[in-house]
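Asks: Structure incoming, see below.
Any read-out appearing in this document is the output of simple, stated calculations on the displayed coordinates, not a laboratory observation. Not measured: the values here are computed from a predicted model. Cβ sites come from the backbone with ideal geometry, for glycine too, and all protein chains shown count toward neighbours.
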Amino acid sequence: MIRRTCLICIFIFVAAYSNAYAVGVEVAVGGWSQAISGTLSYQALSDLDIIDLDNDLKFDDESRVTGRAKIDLPLFLPNIYLVAAPMEFEGSGIKSGTLNFGGTTFDFSSELTSKITLNQYDVGFYYGLPFVKTGTLGKLNVDLGLNVRIADFKATVSGTAGGNSVTESESLTLPIPMLYVGVQFMPIKSLAIEAEGRGIAVGDNKLYSLVGRIRYNFAGPVFVAGGYRFDKLEIDEEDVVTDIEFKGPFLELGLKF
């Protein structure tokens, strides 16, 4: 709770500062249909303790509200990009054999209920490449910058151990610096085809986020957008090992001034 409150305060401060100096603002709220797949383990003793999220825990697809804001600043100041993308998945399944998770050995073929939460908050600082926009008469723009993602991750598994109901969980909050690349192509003034990439690879930890979007301004500053987002999260921290993918289509409604 304290971490989330601090993050909200940071966003409010950045947005308030940007509002005083911004020369362009784009805000959007939408829904992201999220599917999860991959593997997860916590204090695994062998490969048998690696959980297949599709086959063992049988997570359902979920839909969550997302939001983003881009603030273009004048002169030498970097532009700002804020993104919030919460995720939460629940599932119930049976893993054949025993499972060691968090120091607890769940009973043979125990029915497991589980939850994975991953809330991601991005604060990005970027510059547009002016020669690209000028050379294409405003039809093509390329942005380069740095992004800091706060990844708030929690995994919980419940089942029976020794005939008793047991719940094990582990949480991590990781500030992750990433490179950011954005491309916007506008064949006509009201239509934009956009792509965004964020990524970092340090040792055994890797995080990639790819977004493709089509945006159409249909009434002045009001636009509708749709696209697809793919995230890949590989973590090896504090006995938590993940290789998880999150993906799915999204729709947005927003304003661009």
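Asks: Between beta-carbons, use under 15 Å as the cut-off and find the net charge around Phe108, counting Lys and Arg +1, Asp and Glu -1.
Replies: The answer is -3.
Asks: Put +1 on the Cβ of each Lys and Arg and -1 on the Cβ of each Asp and Glu in the chain; which of Phe257, Asn55, Phe101 then has its Cα farthest toward the positive end of the dipole?
Replies: So the residue we want is Phe257.
Asks: With the dipole of the chain worked out from charges on the C-beta (+1 for Lys and Arg, -1 for Asp and Glu) around the Cα centre, which of Val183, Val132, Ser169 lies farthest toward the positive end?
Replies: Val132
Asks: Does anyone have the angle between helix 2-21 and the longest principal axis of the chain? Alpha-carbon axes, 0 to 90°, nearest 10?
Replies: 10 degrees
Asks: For a bin width of 10 Å, list the pair-distance distribution of the chain built from all Cα-Cα distances, rounded to whole %.
Replies: 7, 27, 31, 19, 11, 5, 1, 0
Asks: Could you tell me which of rounded, prolate or oblate describes region 152-257, using a ≥ b ≥ c as the square roots of the eigenvalues of the alpha-carbon gyration tensor, with rounded for a/c under 1.5 and, failing that, prolate when a/b is larger than b/c and oblate otherwise?
Replies: It comes out prolate by the Cα gyration axes.
Asks: Given a cut-off of 31 Å, name the pairs among Lys154/Lys256; Lys206/Lys256; Lys115/Lys206 whose C-alpha atoms lie farther apart than that in the structure shown.
Replies: Lys154/Lys256; Lys206/Lys256
Asks: I need to check one value: relative contact order of region 2-247, counting alpha carbon pairs closer than 8 Å and at least 6 residues apart, in percent.
Replies: Once normalised by length, the contact order is 15 percent.
Asks: Same structure, new question: Hey, got the dipole for the chain? About the Cα centre, +1 on K and R Cβ, -1 on D and E Cβ, debye to the nearest 20?
Replies: 1660 debye
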